[in-house]
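**Student:** Here it is, the structure, as structure tokens.
Nothing in this text is a laboratory measurement; each read-out follows from the coordinates by a stated rule. These figures come from a predicted structure and were not determined experimentally. Don't worry about glycine lacking a Cβ; one is built from the backbone with ideal geometry, like all the others, and counts go over all protein chains shown.
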Amino acid sequence: LAHIEILRDDCLERIYFEIPQVCDYLTSRSKEDLLWNVDRSSPSKKIESFLEYVDDLEAEMYHQFTLKSNRLLSFLTNYDLDRRGSGISFLLALIINIIFMVGTKTDTEFGEFDDRLAEARRTLNCSLVDIGDYYIIYPALDNSVTYAITFTLAMSITIVEITRLIIFLLQFAPLIIKSGLKTVENHQLYKNYSYLRKLVNTSIGKKILSSFFLIKNQKFLTSCFMVFFSWMGLIDHPIYFAAHLLNAVDMSLDLRNVLRSVTLNIFSLAITTFFSCIIVYLFAILGFFYLHDQYQTDDDEPLCKNLFQCTIVTLSSGLRNGDIGEVLPTSDMTEYGIITFQLAYFAVVITILVNILLGI
């Protein structure tokens, strides 16, 4: 049982209700998404936003209930299993990267290889093992024990990431597709045009839309990229396993919350950054037409030969150094044009725009 409290006629009433058993199958991931994505700007908005999720959450609970009825599917789709897989992948990738970081060199001479192996030469100290038509390359594997350990870790990561992708496809892919098709069916264009309904309801149309909805999903793309980097780490180079260190995000709720707090304002950040680039471009135009001969390195090399180069220098040097004066030296304090340009850039770009970006 659960209860809520309602204020009615200045009297606080406690209402008890039974929680359906199917509610136990709502995943913690969906609970997190609900907590972060519900609009809480006003009481009415909060209720409306919550109701928008009700149908999808209900569909997920019944889907999870169906999966749990099968012992094998129940084991594979356990959400904690996905999280544990993320942690295992991170730890194994961490070990591989430590081996790679410690053993990688740039001054190692390569021996003679045949024509096929010559294509796989690297500027890093590597051992290459021919497996079928592929080559597995690992750094500083000067003994069989080190190679066996690293190869086992790499294969383990690949298996874990493929398993995580399968778990996602079983657990969430049907819900994503179903929700996407429902959105299309509720769209006004779908209701108004019969030929569009016929196209969507065809087998090919549903497959195309299903693929589109999956590709839009961030979790699906992340899982696919992890599998890709795992495979490339096996057949090409272990540097690809550095991408698996990003699984640390799945291991820490605090880290996920920090990233969410940033991505919630991603549109504001993007549009403000774009506007900042426009302002810098305007400064670059002024610099190109009036001060292009002043853009110089310490060796008097020109840095503003064309407007594009002038824009890049103004953006890069000005933002990185916090002062466009690094490439606009002022030897004479009577050069009021250069001084005004430097002060204006510092006031508008560095002081105002950068602080706006940091405050979003």
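**Student:** By per-residue mean of other Cβ atoms within 10 Å, what is the highest-first order of 217-226, 295-304, 4-13, 261-270?
**Tutor:** The densest-packed peptide leads the list: 217-226, 295-304, 261-270, 4-13.
**Student:** Give the lysines reachable from Lys206 as a straight Cα distance under 26 Å; neighbours fewer than 8 places away on the same chain don't count.
**Tutor:** Once the sequence-local lysines are set aside, what remains near Lys206 is Lys178, Lys182, Lys191, Lys198, Lys216, Lys219.
**Student:** Taking H placed 1.01 Å from N in the peptide plane, check which residues at least 5 places from Gln296 or on another chain put their amide H under 5 Å from its amide H.
**Tutor:** Distant-sequence amide H within range of Gln296: Leu303.
**Student:** Sequence gap at least 6, Cα distance under 8 Å: using those rules, report the relative contact order of segment 232-360 to the nearest whole percent.
**Tutor:** So the answer I get is 20 percent.
**Student:** Using packing as a proxy for protection, rank 315-321, 242-248 so that the peptide with the highest average count of other Cβ atoms within 10 Å comes first. Numbers along the way, then the final one.
**Tutor:** Values: 315-321: 15.6, 242-248: 17.9.
Listed from highest to lowest mean packing, they are 242-248, 315-321.
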